[in-house]
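Asks: This structure is in structure tokens; I'll ask about it shortly.
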Amino acid sequence: MLARVQDRHNAARRTRRAARKEERNYMKRDQSSGETLLTPAEVAALFRVDPKTVTRWAKAGKLSSIRTLGGHRRYRESEVMSLLEGVATRNG
């Protein structure tokens, strides 16, 4: 009996894990435009700031974000790169 319950639990865990992996791969591209999306951590690494700073920029309207089904923010790579070029031009 216990083995059957554990088997069911493990099967459910594998299914959830596969679903999360599929969602990550699916969300790497914006399905409407086919553009690559970046996570807050990836954007933060480009600007050398904390990921929370990137979230603050989005809340302030400096950078637009897309919300995943799970509520996480994603940023369009083209917009991030143009903002990064603007920062480099001002500092450089």
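The values are calculated or read from the model by the stated rules, or taken from the named source; none is laboratory data. Small disclaimer: the values here were computed from a predicted structure and weren't measured. All Cβ positions, even for glycine, are placed from backbone atoms using ideal geometry, and neighbour counts span all protein chains on display.
Asks: What are the residues in segment 36-65 that are within 13 Å of the chain's Cα centre (by Cα) and in contact (Cβ under 8 Å) with a residue 40 or more places away in the chain, if any?
Replies: Matches in segment 36-65: T36, L37, L38.
Asks: When segment 71-92 is examined, which residues are found to be on the phi < 0 side of the Ramachandran plot and outside any helix (DSSP H, G or I)? Give the steps one after another, and end with the answer.
Replies: In the first step, residues of segment 71-92 are kept if they are on the phi < 0 side of the Ramachandran plot; the result is 72-92.
Correct list: H72, R73, R74, Y75, R76, G92.
Asks: Select from segment 54-70 the residues that are assigned to a helix (DSSP H, G or I) and of a type in the set (V, I, T) and write down the one among them that is surrounded by the fewest Cβ atoms within 10 Å (Cβ to Cβ). Break it down into steps so the answer makes sense when it comes.
Replies: Going through segment 54-70, the residues assigned to a helix (DSSP H, G or I) turn out to be 54-60.
With the extra rule that they be of a type in the set (V, I, T), the set shrinks to 54-55.
Working: V54: 26, T55: 16.
If we take residues in segment 54-70 being assigned to a helix (DSSP H, G or I) and of a type in the set (V, I, T), then T55 is surrounded by the fewest Cβ atoms within 10 Å (Cβ to Cβ).
Asks: Looking only at segment 25-53, which residues are at pLDDT below 95, in a loop (DSSP other than H, G, I, E, B) and either surrounded by 11 or more Cβ atoms within 10 Å (Cβ to Cβ) or aliphatic (A, V, I, L, M) (or both)?
Replies: Within segment 25-53, K28, D30, E35 qualify.
Asks: A further question follows. Residue by residue through segment 67-83, note down the ones that are among the β-branched types (V, I, T) and under 11 Å from the mean Cα position of the chain (by Cα). Don't jump to the end; show me each part of the working.
Replies: Residues of segment 67-83 that are among the β-branched types (V, I, T), as a first pass: 68, 80.
Once the filter is applied, which keeps residues that are among the β-branched types (V, I, T) and under 11 Å from the mean Cα position of the chain (by Cα), segment 67-83 yields only T68.
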